[in-house]
1. When DSSP beta bridges are limited to those with both residues in the chain, what percentage is antiparallel, rounded to the nearest 5?
2. Using each residue's phi in region 164-177, evaluate 6.51 cos²θ - 1.76 cosθ + 1.60 at θ = phi - 60° and report the 3J(HN,Hα) Karplus result to the nearest Hz, with x for Gly and Pro.
3. Loop only by DSSP, 13 or fewer other Cβ within 10 Å of the Cβ. Give me the GluC sites (Glu not before Pro) in region 54-89 that pass, ordered by residue number.
4. With springs connecting C-alpha atoms under 10 Å apart, model the chain as a Gaussian network and identify which of His190, His29, His200 has the largest mean-square fluctuation.
5. For a quick check of your reading of the filter: which GluC sites (Glu not before Pro) in region 128-235 sit in a DSSP loop and have no more than 14 other Cβ atoms within 10 Å?
6. Limiting things to C-alpha atoms, what are the Rg and the maximum Cα-Cα separation (Dmax) for region 16-70, in angstroms?
7. With the chain treated as a Gaussian network of Cα nodes joined by springs under 10 Å, which of Arg219, Arg135, Arg99 yields the largest mean-square fluctuation?
8. Which aspartates and glutamates, if any, have their Cα less than 16 Å from the Cα of Lys91, not counting same-chain residues under 8 positions apart?
Amino acid sequence: MLVDPTDLGEGPIPFKVIVSPRRKRIAFHLDPAGSLELLVPPPGLPAAEAAALVARNREIVRRLRARFARRAPAPAYAFEEGEFFPLWDKKMKLVFSGRLLLAEEDRFLVPAGSPAEVRSRLMLLYRKIAPALFRERCALFGGPFGLAPRAIRITDTSSRWGSCSTIRTISLCWKLLLLPQELSDYVVCHELAHLRHMDHSPAFWALTERLMPGALEKRARLKALPEPWPPAPER
């Protein structure tokens, strides 16, 4: 029997609460496996209140699941030598090379190992090269507007691509390196605009559009993307 993934039935909807110190509003989110997450600011929500909130917003959950069902599956990698991995719009060939963790012109050099070990080492390599790459993009887009973060922090999260703190630190997920570069650049510009407008006001969106023309169209494309990094392979 075919099951509609958007059919929530009449019973309670399973979910988990995730408290994020930087979050100011409650949001609904599906993790890479399609499970519902309720993202809340500190100090969190009592279990009964959280369950009631989810129950009142079945239509939001239904729309999230419908969008999730339309997504393409996450890419499948064997994490074997000779395979190609994205670096924005480039394809980087995986080469096993002693104890090195290095990104060359068109190659990723990592030590050999099991698929799970190679996946872990590739993640470390992406995180290693991310700060310099994001600093370049921040300077490229923010420089003409006098927008420069105090620091750039690299994160690993399934719930958000980036954020900007009140102390002018921009946080960016390393998985942005797996996306088309223009979508990664949109996230950079979105967070740069927050250096001037710590909200999503019309002034914020106007500045984001100046930094990245077509920002709203790119935002919609970003929301429709599948999880770009597959889960760890089974041992």
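FYI, it's all coordinate maths here, none of it is from the lab. Since the model is a prediction, treat every value here as computed from it, not as a measurement. Cβ: placed from backbone, ideal geometry, glycine included. Neighbour counts: every protein chain shown.
1. 50
2. Along region 164-177, the couplings run 9, 8, 5, 9, 6, 9, 9, 9, 9, 6, 4, 5, 4, 5 Hz.
3. Sites meeting the loop and neighbour criteria: Glu80, Glu81.
4. Among His190, His29, His200, the largest GNM mean-square fluctuation belongs to His200.
5. Values: sites: Glu136, Glu182, Glu191, Glu209, Glu217, Glu234; in loops: Glu234.
When the GluC sites (Glu not before Pro) of region 128-235 are filtered for loop state and at most 14 Cβ neighbours within 10 Å, Glu234 remain.
6. 11.3, 34
7. Arg99
8. Hits, sequence-local ones excluded: Glu80, Glu81, Glu83, Glu104, Glu105, Asp106, Glu182.
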